[in-house]
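Q: Below is a structure I'd like to ask you about.
The values are calculated or read from the model by the stated rules, or taken from the named source; none is laboratory data. Everything numeric here is computed off the predicted structure, so don't read it as measured data. All Cβ positions, even for glycine, are placed from backbone atoms using ideal geometry, and neighbour counts span all protein chains on display. The protein model used for the area step is the full one, side chains on, heavy atoms only, and it has no ligands, DNA or RNA in it. Shrake-Rupley method; radii C 1.70, N 1.55, O 1.52, S 1.80 Å.
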Amino acid sequence: MTLYGFNNLTKTLSFNIYDVCYAQTPREQSEYIAYIDEQYNSERLTRILCDVTEMIGARILNISKQDYEPQGASVNVLIAEKELASELVDKSCNQGILTPRRETVHAHLDKSHVTVHTFPECHPDNAISTFRVDIDVATCGMISPLNALNYLISSFDSDIITLDYRVRGFTRDVLGTKYFIDHKITSIQDYIDDETLKKYEAIDVNVYQSNIFHTQMCIRDIELQNYLFNRDVNMLSQEQKNEITHSLKCEMEEIFSGANIY
């Protein structure tokens, strides 16, 4: 369809993942948090968001980032739907040329943005540590954040994934007819690679009248060695293996359900 003026639809993808790890002792927990902070510092998160920006066909106007103490990082990127003439770019924008390293990143886009925040977490009374990543990709115009979905999933070790996609506002064609969505979608799962979907249990809660789409995913199989921090699964008794696997499954079920069950 031919539009009258600018495409005013706002498409927002909120991507939330949890990585779960068994770290029993205070030292293991501390080392796990330090490992996560190093693996997913603001520099790496910035590279991920820059890749996302390229995938959806946007242009970076500004990036801000920060690493936090004692842990965590954020990045925010402001983007434009297409390349802008230099005289149209606000002089306060760095256009992706970053100043010395900080732990939070925020990217600014023209009417659009990409943000990421990390939340490593542990508790002395629980041997299960978690790492949460929140990513929001908001775009206006023709570009779609769904194009980067598979890349985002593959960029993190994701045991639990929560996805929210919403199209807001409306745009008009040359005859003045309003359009409240400009593409067909029945489920976020339609945009996820089939091989990835096989690894997860997935449920949908969609409100089609409001163009709101929600998908939750939880890993199907637990390969215990992948969840042990600085431990060899072969050094554990079968009873210990069963106990740790049960603890991991309980933690994942509570996070997936959003409720204290056990």
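Q: For the chain, please report how many Lys pairs fall under 21 Å Cα to Cα, leaving out neighbours fewer than 8 apart on the same chain.
A: 13
Q: Hey, another quick one. From the list (1) 7, 30, 36, 22, 5, 0; (2) 8, 33, 38, 17, 3, 0; (3) 7, 26, 31, 22, 10, 3, 1, 0, can you say which value of P(r) over Cα pairs in 10 Å bins from 0, in percent was derived from the structure given?
A: For P(r) over Cα pairs in 10 Å bins from 0, in percent, the calculated option is (3).
Q: Can you compute the charge dipole magnitude of the chain about its Cα centre, using +1 on each Lys and Arg Cβ and -1 on each Asp and Glu Cβ, nothing else charged? Give it in debye, rounded to the nearest 20.
A: Dipole magnitude for the chain comes out near 1040 debye.
Q: Taking loop as defined by DSSP and a crowding limit of 15 other beta carbons within 10 Å, which GluC sites (Glu not before Pro) in the range 145-233 fit?
A: Counting only loop positions with at most 15 other Cβ atoms within 10 Å, the GluC sites (Glu not before Pro) in the range 145-233 are E223.
Q: Let me ask you something else. GNM, the chain, Cα, under 10 Å: largest mean-square fluctuation among D204, D190, D67?
A: So, out of D204, D190, D67, the one fluctuating most is D190.
Q: Pick from D159, D221, D136: which is most flexible by mean-square fluctuation in a GNM of the chain where alpha carbon atoms under 10 Å apart are linked?
A: D221
Q: Of all DSSP beta bridges in the chain, what percent run antiparallel (nearest 5)?
A: 95 percent
Q: Solvent-accessible area per residue for the chain at a 1.4 Å probe radius, Å²?
A: With the other protein chains kept in place, the chain gives 53 Å² per residue.
Q: In the neighborhood of S14, defined by Cβ-to-Cβ distances under 14 Å, what is the net charge if each Lys or Arg adds +1 and each Asp or Glu adds -1?
A: Spelling it out: positives minus negatives among the neighbours equals +1.
Q: Between L13, L61, L236, find the one with the highest GNM mean-square fluctuation for the chain; connect C-alpha pairs within less than 10 Å.
A: L236
Q: Kindly provide the trypsin sites (Lys or Arg not before Pro) of the range 135-233 that DSSP labels as loop, not H, G, I, E or B, and whose Cβ sees at most 11 other Cβ atoms within 10 Å.
A: Passing sites in the range 135-233 are K184, K198, R220.
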